[in-house]
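Accompanying notes for the structure given below.
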Amino acid sequence: MATANKIAPVNIGIEEKDRKEIVEGLSRLLADTYTLYLKTHYFHWNVTGPLFNSLHLMFEQQYNELALAVDAIAERIRTLGYPAPGSYSQYAELTSIEETRDLPEAEEMVRLLVEGNEAVVRTARLVFPIADSANDESTADLLTQRMSIHEKTAWMLRSMLK
């Protein structure tokens, strides 16, 4: 983890040690979100079968939402005074989501995206108590929004499985 930007101190009522711990968690959330974005986009490009149109459109909506989420998470990290991770190698080290290199069938794509969305929720849940104990309501709000979105997305995808 890179150190805080020392050019201009951050004085927002959250101690630096707390900000650092929150940023470490948000960096894992960012890595999970970006990894899920890549997986969803990959599946969007390559889905086939009788549900092609439905899944192609659904995956597009999901990766567009994830692209916005990546930006919001990275900007929160910057707001807390730290650089946001942004390389594939950093994300590979930080993510809890396994990369998909093969090309699964459509139903397996859906199952893998359920798992990915649930993983993002679990990561956000781990960060929440840290933000809450530091009275970081802005991060807590971001985490709550992310959990709600990913729980709903997982439910919608899960509903498509047999």
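The values are calculated or read from the model by the stated rules, or taken from the named source; none is laboratory data. On a predicted model such as this, the values are computed, not experimentally measured, just so you know. Here the Cβ positions follow ideal geometry from the backbone for every residue, glycine too, while neighbour counts run over all protein chains shown.
Observations
- Flag if Lys39 is of a type in the set (Lys, Arg), surrounded by 19 or more Cβ atoms within 10 Å (Cβ to Cβ) and at pLDDT 95 or above: yes
- Within segment 42-60, the set of residues being part of a loop (DSSP other than H, G, I, E, B) and touching a His at 6+ places or on another chain (Cβ under 8 Å) comprises Val47 only.
- When Ala72, Ala119, Ala140 are checked against the criterion of being more than 28 Å from Glu15 (Cβ to Cβ) and of a type in the set (A, V, I, L, M, F, W, C), Ala119 stands alone in meeting it.
- Looking only at residues in segment 80-129 that are among the hydroxyl-bearing types (Ser, Thr, Tyr) and within 19 Å of Leu66 (Cβ to Cβ), the one that is surrounded by the most Cβ atoms within 10 Å (Cβ to Cβ) is Thr123.
- Among (1) crowded, with 24+ Cβ neighbours inside 10 Å; (2) within 14 Å of Val121 (Cα to Cα) - the single one Ala69 does not satisfy: (1)
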